[in-house]
Structures are given as structure tokens and as C-alpha cells.
Amino acid sequence: MAFRKTFRSIALGLGLAAIAGCSALSNIQSASKPLATFELSPLPAGSVTAASSRRYLEVALPTATGAFNSDRIVIKPTPLQVEVLPEARWVNEATEHVQLLLVRSIAGSGRFSVVTSAGTGPSPDYVLLTDLQAFQAEVDQDGVAVVIRTTMTLLSDTDGTVVSSRSFANSASVADTTAELVVAGFDQAMTQQLADVVGWLVGKAGL
């Protein structure tokens, strides 16, 4: 057991060293080396269902720190340090990607007759605001985990009043910091969060 724990610590240390080294070279290499591109999955249509209404919902672009206003996949070796996975990127900036996942997942529930991103549809009845607080892989002595934290606020577009607000936190453990495994962890955690968010909206009486 002690040997296994020591081996795991060494492996994590080597993985972080590789990330740090690659990050230092990223500015030089990024212009000539293509990055692998990844996208996450929205909830399948009908996975969370509800009685339909004639209401329109607009999903605003999430607010976030500068780390998430980028298409790079964020990893935090320490609570105060921000790095990116080498040779990997999201298909869009993280905030745009989360917005699109929300639009598609909420639309798939059938709860609203129209679900759009900001400025792309008719005047909405409600606006969903998202504060994206964490969208990253984190490393500590226990291993690697993907963490997604948001606060969702549903506003009435008629008078701007808050209909409801709730925080969501989801995570998924991954074996190491390779891009494929980290992205799979993001997909697992994001699927959980989308289901929670859609379930919350579906449960709001009167929408």
C-alpha cells in the first residue's frame, strides 16, 4: 500500500512537471503545432422532460474570470496557480461552450417553446444568467479531479426580478492529466451539472 501511494505521488509529480515544461514552451510552439480540439456533450433530448409551455428563454453568455474566456483547457496544480493542458483546446471559448451546452440541453427538455443564446431570438420571457466560478482540472495529493461550479440566476425579462437562483457544483475523478482522460472527466461532470440545472428549471412552477 505504501509503495502504491509513493508510486502514485511520483507519477503525479512527473505529470505536473511535464505540464509546467510544456506550458513554458507553449507560446513558441503554438504558432506551428496544431492543438487537439475537444467538445462536450449536451444532454440528449428527452433525458429530462417536462410539460411544455409557450415561454421563451434566453441563455446569457456566462460571466467568468479571464482564465475561462479562452479556448484552452485549464488545470490548476495548486489553488493559486493556473496552467493549461498542452496541445489541447476547447472547440470554443469555455464560456461560449458552456452557454451552447445549456441552450441545447434546456431546449431538449421541451420546457420552453424557444431557447436561444443572447441576442439570437425573439424577446424572451426569462433570462438565465450563469456565473462560471470553476471549470478546471485540479491536482492535489489525492489525485486529479475535474471541478465545475456555477451559480444560475433566472430573471423575468418583463421587470428584471429574480425568479430563482441556485449554485451547482459537480466533479469527476480522473486517473492522470492526459488530455483525453481530463476531457472525459469534464464530460462526466458537465453531464451531471446539466441534468441538475435542467431539473431545477423544469421544477419551477409557473414557467
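The values are calculated or read from the model by the stated rules, or taken from the named source; none is laboratory data. As the structure is a prediction and not an experimental result, all values here were calculated from the model. Neighbour counts are summed over all protein chains in view; Cβ atoms, including those assigned to glycine, are modelled from backbone coordinates with ideal geometry.
Structure notes:
Residues are listed down the side, and each one gets a yes or a no for (1) more than 28 Å from ALA88 (Cβ to Cβ); (2) out of contact with any Asp or Glu (no Cβ under 9 Å at 6 or more places or on another chain); (3) part of a helix (DSSP H, G or I):
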position	(1), (2), (3)
VAL115	yes, no, no
VAL127	yes, no, no
VAL139	no, yes, no
VAL146	no, no, no
VAL163	yes, yes, no
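- When SER109 is tested against the conditions (1) modelled with pLDDT of 95 or more; (2) touching a helix residue (DSSP H, G or I) at 6+ places or on another chain (Cβ under 6 Å), the lone failure is (1).
- Filter pass, ASP159 being outside any strand (DSSP E or B), out of contact with any helix residue (DSSP H, G or I) (no Cβ under 7 Å at 6 or more places or on another chain) and closer than 23 Å to ALA50 by Cβ: no
- Set THR95, THR130, THR151: member being surrounded by fewer than 17 Cβ atoms within 10 Å (Cβ to Cβ), under 27 Å from VAL182 (Cα atoms) and modelled with pLDDT of 95 or more: THR151
- Filter result for ARG72 (surrounded by 20 or more Cβ atoms within 10 Å (Cβ to Cβ) and over 19 Å from ASP187 (Cβ atoms)): no
- Scan of the stretch 55-77 for residues that are farther than 20 Å from LEU129 by Cα, in contact (Cβ under 8 Å) with a residue 40 or more places away in the chain and part of a loop (DSSP other than H, G, I, E, B), ordered by number: PRO77
- Applying the criterion of being of a type in the set (D, E, K, R) and in contact with a strand residue (DSSP E or B) (Cβ under 6 Å, 6 or more places away or on another chain) to the residues of the stretch 123-181, the residue that is farthest from ALA195 (Cα to Cα) is ASP157.
- Some residue of the stretch 27-38 being at pLDDT 95 or above, within 24 Å of THR151 (Cβ to Cβ) and surrounded by 15 or more Cβ atoms within 10 Å (Cβ to Cβ): no
- Checked against the criterion of being touching a residue at least 40 places away in the same chain (Cβ under 8 Å) and either surrounded by fewer than 17 Cβ atoms within 10 Å (Cβ to Cβ) or not hydrophobic (A, V, I, L, M, F, W, C) (or both), the candidates GLY160, GLY203, GLY121 yield just one match: GLY121.
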